[in-house]
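K.L.:
Please read through the structure below; I'll follow up with questions.
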Amino acid sequence: MTIYSGCFRDIFLPLHFENFNMSHIVAIVGRPNVGKSTLFNRLIGERKAIIDNVSGVTRDRIYGFSDWNGKNFTVVDTGGFVKGSTDIFEAEIRRQVQIAMDEAGVIVFLTDVSTGITDLDEEIARMLRKNPKRVILAVNKVDNAQRQMSANEFWSLGFEDTIFISSISGSGTGDLLDIIADILPSGENGPEGLDKDIPKIAIVGQPNVGKSSMTNALIGEERNIVTDIPGTTRDAIYTLYNKFDKKFYLIDTAGIRKKAKVHEDLEFYSVLRAINAIEEADVCLLMLDASVGIESQDLSIMSLIQKRKKGLVILVNKWDLIKKETNTARDFEKNLKEKMAPFTDVPVIFTSVHEKQRIFKTVETLLEVYENRQQRIKTSTLNDVMLEIIEKNPPPSHRGKYIKIKYVAQLPVAYPAFVFYCNYPDHVKVSYRHFLENQLRKHFTLTGASISVYFREK
């Protein structure tokens, strides 16, 4: 690793990293009808992707989440790769598969033992062997001894990580997840060389909501207050903001930089970039266009943030273009949080980045949410508050069995997570879990932080 040192006031400090925090995205690729969507559903543990024997069912990209051996990652189900087709849908699928491979940290190349190695399999294999990413060859539908023997021919494709699986039965998928978990990096510390004690903030959102303008407004023209740190494999730029006693890394996803040889679908590419940024961030600034409001893709990005237990601040940009009445901001926020439910304990800031309105307030709020996410509540305080609430509002009984919560503690993880010890943890209703979450938010400062509540037997 080469580090150029010097004074912030005189020069930029570019840091070039030899070891990158690779993407936590796992892309499943292969020709049509080899079982990619079935494997996707198996890895994420739910039936999300549509499965059909007709090839080409998966056209829109589908994202899901998985965790294995302490590693959290995003799984992308791609469409069937077809070479040289003039069909407009298949051409679009080819482009999106290429983008997924470019952005992924791990590529699972799925084949079908029942058809053997096809010409298209060999073509895809040649393409993947040129890819610097780690590729796992998964031979699917290996569900009996005869197919086990037939699967051996796939070693000829030349991939060191080759595994035989059955997506339908689940055979071999645990071993596949073991390999994926071994490859993926641990933690959420970003590229090696960053100060782990400095907050990492990502600006995410749909194209044209003002992310580039917000980045420029934060950095400003006084370049002596920042340090550019290029070097991740995905061209993410870490910029050290150091001004007015505020310090944080800004993960620049504002400009979605087009790659020369990729004519990407902008929406798909922006989602992948958002996923990468979310994975690396402590707190995310989700930007909305005031004239548009919150759309389904915004809610999808917000869901990514929640599921990854990152901090969240919502910035409603272009507020200067909105015709104002007495309660315009209040009504906008009310409508916004109705669509965001149940996670509504989120700061909302109305701004005009162009006019540089409330820029510093945004910085303060982001850092407050970071502190909320990082805080550790004393066990004694936690029990004094929550056990009194539980005594007045006990959990509903289950089939005549009374559930008694005896103790609560905060878990030593990177986000607020609490475990309630009780006699029948499996019988605590979801509604009561939400009640406890709301009470935690009411009595402790957790605004903007995604929290988790667990129940364990004691």
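Bear in mind that the values in this text are calculations on the coordinates, not laboratory data. Only a predicted model underlies this, so the values are computations on that prediction, with no experimental measurement involved. Positions of Cβ are backbone-derived with ideal geometry, glycine not excepted, and every protein chain shown enters the neighbour counts.
K.L.:
Take the Cα atoms of the range 269-334, find their three principal axes, and give me the spread along each one in whole Å, biggest first.
P.N.:
Rounded to whole Å, the extents work out to 39, 22, 18 Å.
K.L.:
Could you name the lysines in cross-link range of K323, using Cα to Cα under 30 Å and dropping any fewer than eight places away on the same chain?
P.N.:
K211, K334, K337, K339, K356, K361
K.L.:
Excluding same-chain residues fewer than 8 positions from K36, which lysines have a Cα within less than 28 Å of its Cα?
P.N.:
List returned: K48, K71, K83, K130, K133, K141, K258, K259, K261, K307, K309.
K.L.:
Based on the mean of other Cβ atoms within 10 Å per residue, sort peptides 336-346, 294-304, 398-408 so the most packed one is first. Walk me through the numbers before you get to the answer.
P.N.:
Working: 336-346: 15.2, 294-304: 16.8, 398-408: 13.5.
Ranked from most to least packed, the peptides come out as 294-304, 336-346, 398-408.
K.L.:
Between N423 and A409, what length in nm is gained on full extension when 0.36 nm per residue of separation is reduced by their alpha carbon distance?
P.N.:
3.5 nm
K.L.:
With the crude spin-label approximation of a point 7 Å out along Cα→Cβ, what separation in nm comes out for N242 versus S291?
P.N.:
Each label point is offset 7 Å from its Cα along the Cβ direction, giving 3.9 nm.
K.L.:
Say R0 is 60 Å: what FRET efficiency, to the nearest 0.05, do D384 and E160 get from their beta-carbon distance?
P.N.:
So the FRET efficiency works out to roughly 0.60.
K.L.:
Distance in nm between label sites at N72 and H354, each 7 Å beyond Cα in the beta-carbon direction?
P.N.:
3.7 nm
K.L.:
Taking the Cα-to-Cβ direction at A145 and at N335 and moving 7 Å from each Cα, how far apart do the two end points lie in nm?
P.N.:
If labels sit at A145 and N335, their model points lie 6.7 nm apart.
K.L.:
Here is a further query. Under Stokes-Einstein, with the Kirkwood radius over Cα pairs standing in for Rh, what whole-number D in µm²/s applies to the range 137-177 at 20 °C and 1.002 mPa s?
P.N.:
Estimated diffusion coefficient is 209 µm²/s.
K.L.:
Pairs of lysine in the range 379-457 with Cα under 19 Å and at least 8 positions apart or on different chains: total? Walk me through the numbers on the way to the answer.
P.N.:
On the way: K392/K401; K392/K404; K392/K406; K392/K429; K392/K442; K401/K429; K404/K429; K406/K429.
Summing the qualifying lysine pairs gives 8.
K.L.:
Between N208 and R376, what FRET efficiency comes out of the Förster formula 1/(1 + (r/R0)^6) with R0 = 45 Å and r the beta carbon distance, rounded to 0.05? Don't skip to the answer; put the middle values down first.
P.N.:
Numbers: r = 40 Å, r/R0 = 0.88.
It comes to 0.70.
K.L.:
What are the equivalent ellipsoid semi-axes of the range 319-400, built from the alpha-carbon gyration tensor (square roots of five times its eigenvalues), in whole angstrom, biggest first?
P.N.:
37, 20, 9
K.L.:
Something else: Any idea what Rg and Dmax come out to for the range 381-458 if you just take the C-alpha atoms, in Å?
P.N.:
12.1, 38
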